[in-house]
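Worksheet for the structure shown next.
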Amino acid sequence: METNKVSRVLAGRYPPPGTSPIADAIRARRGPRGITPLDAALLHVPPVAGGWNSLLGAVRSQGKLPGDVRELMILRVAAINRAVFEWIQHEKVGRESGLNNAQLYIARDEATPLPPAPGILTELQTSALMFADASTRHVKVGDQVTNALKKDLEVLARQQNAESIEERIEDLFAEAALVVAVYNMVSRFLIAADVAGLSDDPVPWPIERKEHFVSLASSHVIHAVTITTSADAPWIVFANSLLTNLHMWELIIPHLISDLPSIVTGKPRKPFNILIHSQRGHGKSSLPTATTIPSLASDIAHLLSVLNIPTPVHAIVGVSQGGAASLALARSYPELTRSIVACDTSPKTAPGNREAWAGRIGVVYGGVSAEEILREGVQGGRVGKGPDYAAKVGMGKLASITVPRWFPLPSKCAEKESERGERHKWMAEMIEDTPVHGFVAGAEALSDYDLYQADEKSQTLFTSPIERVLLLAGSLDGGGNIGKGLQGLRDEWNTVRCQSTNVKPVEYVEISCAGHLPMIDEAEYFAEVLLSFLDSFRS
């Protein structure tokens with residue numbers, strides 16, 4: 001990706017060949033590219049430009065770190081600092097050094113907490129990425145991150161057959177710290193000087209990623225993102241849970257866009273195209289006057305139509321509220337997808353859940369009883385301590401109750417300081433950021449639905465002609481009761497479904513040591529199960 005834009009704050013200097021020894025030295029290092037916009041900006045101060053050229057040349061080409069590791073750290077700096085020029089230049093170098101789309105995607109996705117789900121980055125790439133992230137964000141890097149990097153550098157030092165392993169580890173660590181420090185310097189100058197006029201532009205993604213705000217039925221807008229790996233790749237559509245948004249799927253996206261072999265079978269894989277969206281009233285999606293579980297399925301149907309995504313898509317994948325939406329879609333829109341994956345959900349409101357949801361709404365509004373919520377409703381937000389309290393305090397209280405329930409011990413996300421504690425904090429922040437009215441509407445929808453009943457076209461769930469169905473649950477969800485419920489659904493569904501010939505039975509898989517959102521606390525395992533299912537009927 002090249003740019004024809006110019007800086008709005010600093011005109012570059014481009015001395016003709018032979019008129020400036022410093023400029024000529026830069027040309028010699030750059031090769032066919034010649035003087036870049038960054039060089040031109042630096043040449044306003046020739047001695048600094050000369051020193052810069054020598055320093056960057058040494059960092060880029062005279063160290064002992066593998067090129068993929070060095071470039072991954074540089075790209076992480078660029079992503080965090082929004083240094084577009086830096087990203088554009090180094091994405092190409094990163095690819096030449098062996099980085100693939102999925103690895104570049106992880107480097108670019110600075111909003112999703114680290115560490116990434118295993119299986120895409122090597123251990124050294126992971127520890128180097130985390131070091132670059134910590135150093136760039138916080139300057140001072142904690143002992144845990146530093147020691148993890150040194151541990152992986154020891155493996156590299158031994159592979160390099162260094163005479164003194166300890167000295168080589170120190171040398172490699174110093175080089176890693178210098179790479180991050182130097183390219184933070186580079187990014188700050190790039191942005192301050194508006195090099196190539198890119199300081200206000202978004203950092204590119206390594207594959208096509210487009211944001212959409214889709215108006216549906218003139219009543220509400222759905223925020224969606226499409227990720228396109230190729231024109232002919234099958235599409236996977238994801239539906240989020242209550243109290244989250246489209247970003248909850250980010251940990252597994254690198255696995256779905258990767259062409260790396262399966263970590264279990266070793267067989268090659270092909271990437272998928274992806275549609276993620278925030279269900280109505282969540283994230284940046286607005287809320288119409290009413291929400292029902294079938295209406296969430298209708299939203300997906302409209303999204304596919306408006307965005308011109310070829311149908312049937314390969315799969316609709318949903319969790320919790322999104323899982324119920326996927327079941328509703330299988331019942332009412334089976335022609336739109338070859339399969340559904342319904343995670344940690346139920347086909348109808350379970351006994352007692354109406355009261356439980358009312359109690360959670362009461363928590364948000366400041367200790368209002370479930371009985372009062374069921375009797376009076378939220379009265380336009382005027383119930384209890386009112387809408388300001390609900391938004392500023394109540395959603396935080398709900399988060400403190402909900403996240404431990406979603407990830408009970410021994411989940412690796414069980415506590416803020418647990419092995420994957422950053423994901424715990426990430427989910428808590430996502431809950432707190434959920435609009436109160438979006439939560440209430442979703443909770444009310446989950447309080448009263450029954451997908452066993454036929455829809456308005458007399459279509460039923462169990463007679464759906466959908467090609468494949470996978471039901472999935474975290475083993476820890478609801479103390480195992482959610483999984484038991486889905487196993488019961490599988491058995492009931494297959495009693496009807498398997499009366500027909502040449503149909504695949506509904507499948508059930510349990511994710512060990514995972515809670516309500518297994519794509520969060522056991523993302524790698526979840527991705528492998530999902531991909532194995534999706535690949536099993538891919539053309």
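For residue 270 and residue 201, calculate 0.36 nm times their separation in residues minus their Cα-Cα distance, and state this gained length in nm to one decimal. Write down the numbers at each step before the final one.
Details: separation 69, 0.36 × 69 = 24.84 nm, distance 3.11 nm.
Length difference between fully extended and current span is 21.7 nm.
Ignoring any ligand, DNA or RNA, what whole percent of the accessible area of the chain comes from carbon and sulfur when the probe is 1.4 angstrom? Spell out each step's value before the answer.
Working: 11960 of 22990 Å².
Exposed carbon and sulfur together represent 52 percent of the surface.
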Can you pull the one-decimal nm distance between simple spin-label points at residue 355 and residue 167, each 7 Å off the Cα toward Cβ?
7.4 nm
Please get the size of the charge dipole for the chain, origin at its Cα centre, with Cβ charges of +1 on Lys and Arg and -1 on Asp and Glu, quoted in debye to the nearest 20.
820 debye
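Enumerate the helices in the chain for which the Kyte-Doolittle hydropathy averages 0.0 or more and the C-alpha atoms extend at least 30 Å along the helix's axis, using complete DSSP H runs.
Numbers: long enough: 165-192 (40 Å, 0.93).
Sorted by number, the helices that extend far enough and score high enough are 165-192.
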For a quick check of your reading of the filter: which GluC sites (Glu not before Pro) in the stretch 360-435 sit in a DSSP loop and have no more than 12 other Cβ atoms within 10 Å?
417
Local electrostatic count at residue 314 - Lys and Arg +1, Asp and Glu -1, tallied over other residues with Cβ under 9 Å:
+2
How large is the accessible surface of residue 26 in square angstrom, using a 1.4 angstrom probe and rounding to the nearest 10?
0 Å²
Run the quick spin-label model on residue 262 and residue 532: label points 7 Å from Cα toward the beta carbon, then report their separation in nm to one decimal.
0.7 nm
So what is the relative contact order of the stretch 17-82, in percent, for Cα pairs below 8 Å that sit 6 or more residues apart?
24 percent
Taking 7 Å along the Cα-to-C-beta vector as the label spot, tell me the residue 539-residue 62 distance in nanometres, rounded to one decimal.
5.6 nm
For residue 282, the net charge from surrounding residues (Cβ-Cβ under 13 Å; K, R +1; D, E -1) works out to -1
Placed amide H near residue 313: partners under 5 Å, 5+ positions off or other chain
337, 338
Percent antiparallel among DSSP beta bridges with both residues in the chain, to the nearest 5?
35 percent
Rank by packing, highest mean first: peptides 10-17, 518-525, 329-336, 95-102, with packing defined as the count of other Cβ atoms within 10 Å averaged across residues.
518-525, 329-336, 95-102, 10-17
Residues of the chain: accessible area per residue with a 1.4 Å probe, Å²:
43 Å²
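The values are calculated or read from the model by the stated rules, or taken from the named source; none is laboratory data. Fair warning: this is a prediction, and the values are worked out from it, not measured in the lab. Note that each Cβ is placed from the backbone with ideal geometry, even for glycine, and that neighbours are counted across all protein chains shown. With ligands, DNA and RNA removed, areas are computed over all heavy atoms of the protein, side chains included. Shrake-Rupley method; radii C 1.70, N 1.55, O 1.52, S 1.80 Å.
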